1. What does the charge dipole of segment 266-316 about its Cα centre add up to, to the nearest 20 debye, if the Cβ of each Lys and Arg holds +1 and the Cβ of each Asp and Glu holds -1?
2. Is the shape of segment 121-247 rounded, prolate or oblate, going by the alpha carbon gyration tensor and its root eigenvalues a ≥ b ≥ c, with a/c under 1.5 for rounded and a/b larger than b/c for prolate?
3. What are the ³J(HN,Hα) couplings of segment 103-109, residue after residue, when phi is run through the Karplus curve with 6.51, -1.76, 1.60 and θ = phi - 60°? Round to Hz, x for glycine and proline.
4. Placing +1 at every Lys and Arg Cβ and -1 at every Asp and Glu Cβ, with all other atoms neutral, what dipole size does the chain have around its Cα centre, in debye to the nearest 20?
5. Enter the angle in degrees (range 0 to 90, nearest 10) between the Cα long axis of helix 173-190 and the first principal axis of the Cα atoms of the chain, meaning the one along which they spread out most.
6. How much FRET efficiency would the formula 1/(1 + (r/R0)^6) give for Thr530 and Asn588, where r is the Cβ-Cβ distance and R0 is 35 Å, rounded to 0.05?
7. I need the P(r) histogram for segment 464-589: all alpha carbon pairs, bin width 5 Å from 0 out to the longest distance, whole percents.
8. Points 7 angstrom from Cα along the Cβ direction at Ile564 and Ala441: gap in nanometres?
Amino acid sequence: MAVLSMVSCSDVLDRTPPDIVTEEEAFKTSAGVQAALARLYSEAPFEDFIFGGGAADMAFNAREQETLTGYALHVPNNEYGSQYINGNGDMGDSWFNYSAIRNINKFLANIEKYGAKFDETQVKAWKGEALVLRAWGYYAMAKRYGGVPLVDKVLDYNSPDDIPTLQLPRNSEKETWDFVLKDLDAAIELLPPSIGDGRVNRYVAFTLKARSALYAASIARFNTIVKTDEKTGKQLQGIPGQEATAYYTIAWNATKEVIGKGGYSLVRSESTDPFVQAESYRKMFLNPQSGNEDIFVKYYNYPDYTHSFDMTHVPWGRFKGGNACPTVDLLELYEYLDGRPGTTNIPQPGQYSAGYPNRRDFFRDRDYRLAATVMMPGDDFQSVDQTVTDLDIKAGEINAAGTELTDINYRGAWGMGANDQTQTGMLLKKYLDDTKLHSPAAVESSQPWIVMRYAEVLLIAAEAALENNDAAAALPYINSIRNRAGLQPLTTAKVTREEVRRQWIVELAFENQNLWQMRRWRVYTPKMSTTFRERGIRPFLDQPTKQWKFKTFYTGKGKVYQPIYYYNAIPSDEIRKNPALVQNMGYNN
């Protein structure tokens, strides 16, 4: 019986568990390959509604990332924006993600091994998708860490003797960006113009190539932080300045492929009504249309795959005042339709503006994108019972003696003054879904996230041309962006670096891009070299005149940005596992 038992046990242990699918079985069918590819998409670092793996990462999702720019304020009391601007530059460790890179490399190896049974065109497309996703992984690491180890094949561990060969040093920052561009060039040769919604295609690859080259060019031109690995001699942080022109040229050429051949266009309404124009822009984010302005979209599906964006931003949601309140610093970037700059014309914080019959009048006649992006006092928006109502943001009233009355009897229903109400006098509107009633507690949102859109391509083209001293080439692209926003066209002489950067900020506000624009331009340190505090705005009803008066004020806990924060710290756990990794400047191993 003992012998029989041993034989039986051996027989069982030699069997493959029924719930385990081998790689060979997975790659037998097209459905199996698609399932493996779907896993790669799920691990890709698209910075959407739900990206981020740990507590620190969660400060950098769609709710919080804009608070790191000075153009939004978290409630209550700027909790995250202050914490991470003054922190150690980590922004979470999960971005140093070689598990996802390994899975992509395994997928590419298996396609090479088992792909002969499939149609050649299909195999090329699968390879192309995987290469774009690998490039995206390294793009996400490069913009955070600079140079990282480059792994383009599966590394196997067989015994402790293998450990030294697996402890790879960091490549240079230039090598890392060049690797991203190389993968994208290979993918472009393999990918068709279109595959299907939610999947990368040739134009996604061109757009990521343009985005990556622009980032590399900016590092070469504006970075002053240099760190070299003494053992390898490689420059881990920074790119030599003479490389900037070449990278800007790569970015320019990539945009021309999308602009000239992709068939994309800016979403716009034919109406001359500013409200209709603003609504056309706003609704683009709720119902993206592939092949129009949207180049790449990540989709959600209720009730299986949802997010919490509405719950945390509608005025009656979990945080009541929203989780990322726009600031006056952002408001003033939206210029007036007649060409005037967007400053508030309030002489100093604490002083009053002129009087207005309606709260909304203070914000009128500006760039169409403002009304689509920012919810302002007196705005019409869906209320708790899904009816349309004026957004009652009110700091208080001013009596005949000039005294401000700010207790709860004089404040509006949505602020200001309570801890969970807007800290800036404004709320976020972009991406809020007003087509259905939302629970203040349930994770039930399913609007898609636009990862890439045509407006970004035009901005990349304009910046690349301008930085290569060709303002005339940049002019039509920056004017396309301005025209859609209702703004006056520019002449070549007015296509300045300041204007191009301003258009980046207002066009892509709350799309998880502006943090990275500011990092690659290296503009944080002049803006926040001393304590920086955002500005909000308070609406008061003047009792004698029944007019609305506004005053700006400083709010938030204050931010100070150190130059070392232009790069994240290499996660300490990774350095413990791999002593060949050299820490970035200013951080301790």
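Each value in this text was obtained by applying a stated rule to the coordinates, not by laboratory testing. No experiment lies behind these values; they were computed from the predicted model shown. Cβ: placed from backbone, ideal geometry, glycine included. Neighbour counts: every protein chain shown.
1. Dipole size: approximately 80 debye.
2. In terms of gyration-tensor shape, oblate.
3. 5, 5, 4, 5, 4, 5, 5
4. I would put it at about 1320 debye.
5. 80
6. Computed FRET efficiency for Thr530 and Asn588: 0.90.
7. Calculated over all Cα pairs of segment 464-589, the distribution is 2, 8, 11, 12, 13, 13, 13, 11, 7, 5, 3, 1, 1, 0, 0 percent.
8. The answer from the label model is 4.4 nm.
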